[in-house]
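Since the structure comes first, as structure tokens, the remarks are kept for the end.
The values are calculated or read from the model by the stated rules, or taken from the named source; none is laboratory data. Nothing here was measured: the structure is a model prediction, and the numbers come from that model. Glycine gets a Cβ as well: all are built from the backbone with ideal geometry, and neighbour counts include every protein chain shown. The protein model used for the area step is the full one, side chains on, heavy atoms only, and it has no ligands, DNA or RNA in it. Shrake-Rupley method; radii C 1.70, N 1.55, O 1.52, S 1.80 Å.
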Amino acid sequence: MPEDSLLHHALVRLDEAATHLSIDPDVIEKLKYARETTKVRLMIRMDDGSRKSFLAWRCRYDDTRGPTKGGIRFHPDATADEVETLAFWMTFKCAVMNLPYGGGKGAVQVDPRKLSKAEVERLSRAYIQAFARILGPDRDIPAPDVYTNSMIMGWMADEYAQIVGQAEPAVITGKPIALGGSLGRGDATARGGYYLVRHLAGDLGLASTMRVAIQGFGNAGQHIARLLAADGHKIVAVSDSEGAVASPAGLHVDMLLQAKEAGRSVTSTVGQGGHELLSARDLVGVDCDLLVPAALENMVDAANAATVKAKLVLELANGPVTPEADRILADKGVIILPDILANAGGVTVSYFEWVQNRQGFYWAVEEIHDRLRAIMEREGRAIWNVSRDKGVTMRTAAYVHALGRLAEAIEAHGTQSFFTS
Ligand code: GLU
């Protein structure tokens, strides 16, 4: 495996966690390789009648604890290495939350913002046509991720139903409510992180009014801004793919949400209500108490970690902090609530959706919130305790916590021969 690969970096965390547990080295070896990664080229017809092809993948990283679970990302920079790494993180995330799932992930190398709605629909259906044989409610269950949403999940569920000849809502989560989606799935990623911060606020010594900087203003970024602002915290800076805005007195969150709703960048609010333009590169170093990376991988790296002023980082994105940056931040005393715990609210409510689909009985939103809060608090507290007991970071503690569960399941399966791609 190349040393500069994303998966290689992710495995550093596995090796680190393994030093704190006495487990069979075979278990670690098994977790170092994806079980299967399928690559296809999707060919779709564009609106102008031409045909265009897009690379696409689905990785089932590990299914020891249950069917593989994880989103599908549409992004121009998607690679096989990134998909496998995201699937590795899903394996640990589901184990952290004790969900009966393994980890998977999919991607299409495309910029969906450059496609028409009809083209995105054809691409989404083509994805399911290509991968239907490896998906299934007991096999591999996709969901939304970067630049995919409930509308896309609806098209995908519809395509799958046509292929298998019957409605099979539990094959995919994050669907529109009308097609068996769950209440509370829309803001679940941010809400899970919000419950976690609230629960650990006393232990972390957090101020009752925090200044918050949010990097990335998609689903997770928008909802965390709304939830924290409603509790009286001040959102002092946010960025999206076009730039950043800041206001030491606090940004007007409603104005930012309205801009996004209208399809505009957060930077379109500059000049109103004290919003000032900021370079997106400078967001990580903004003077604040809480930094929330809510975009892509490797946003905090060796080059900018020293500029971080926040005392707490809530990783709503997957893999936003590199291992080198981890060390720099730990030396500065910055606490990181790691991705595999902090953003696990999304997959947890996906699990609730799958359960509801299978039982054909749907829960009220209050029940979703209560169950999500209970699980975030239970697992967050357990990881906090591991971190205190072993004197390790919250990230290492989360990996130790998950690895214990994964090892137990791998051993319980017996001496099967493992096969990986
Ligand atoms: N894409 C989300 C994640 O990275 C959600 C996955 C899911 O719901 O299966 O956790």
Tally the DSSP beta bridges in the chain and give the antiparallel ones as a percent, rounded to 5.
50 percent
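Hey, what number do you get for the chain at 222 nm if only DSSP H runs of n ≥ 4 count, each worth -39500 (n - 2.57), divided across all residues, to the nearest 500?
-13500 deg cm²/dmol
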Compactness relative to 2.2 N^0.38 Å, alpha carbon Rg of region 219-334:
1.03
Among Pro144, Pro67, Pro76, whose mean-square fluctuation peaks in a Gaussian network model of the chain (Cα, cutoff 10 Å)?
Pro76
Each label point is 7 Å from the Cα along the Cα-to-Cβ direction; what then is the distance between the points at Glu366 and His8, in nm?
5.4 nm
Please tell me the relative contact order of the chain in percent, rounded to the nearest whole number, where contacts are Cα pairs under 8 Å and at least six residues apart.
17 percent
How far apart, in nm, are two points set 7 Å out from the Cα along the Cα-to-Cβ line at Asp24 and at Asp203?
3.2 nm
Test of understanding: in a Gaussian network model of the chain with alpha carbons linked when under 10 Å, which of Gly263, Gly184, Gly174 would top the mean-square fluctuation ranking?
Gly263
Fully extended contour minus Cα-Cα distance, from Arg281 to Lys39, at 0.36 nm per residue
83.8 nm
Most mobile of Ala397, Ala130, Ala249 in a GNM of the chain (Cα contacts under 10 Å):
Ala249
How large, in percent, is the carbon and sulfur part of the accessible surface of the chain at a probe radius of 1.4 Å?
50 percent
Note on the chain: the mean projected area of its alpha-carbon convex hull, in nm², is 20.1 nm²
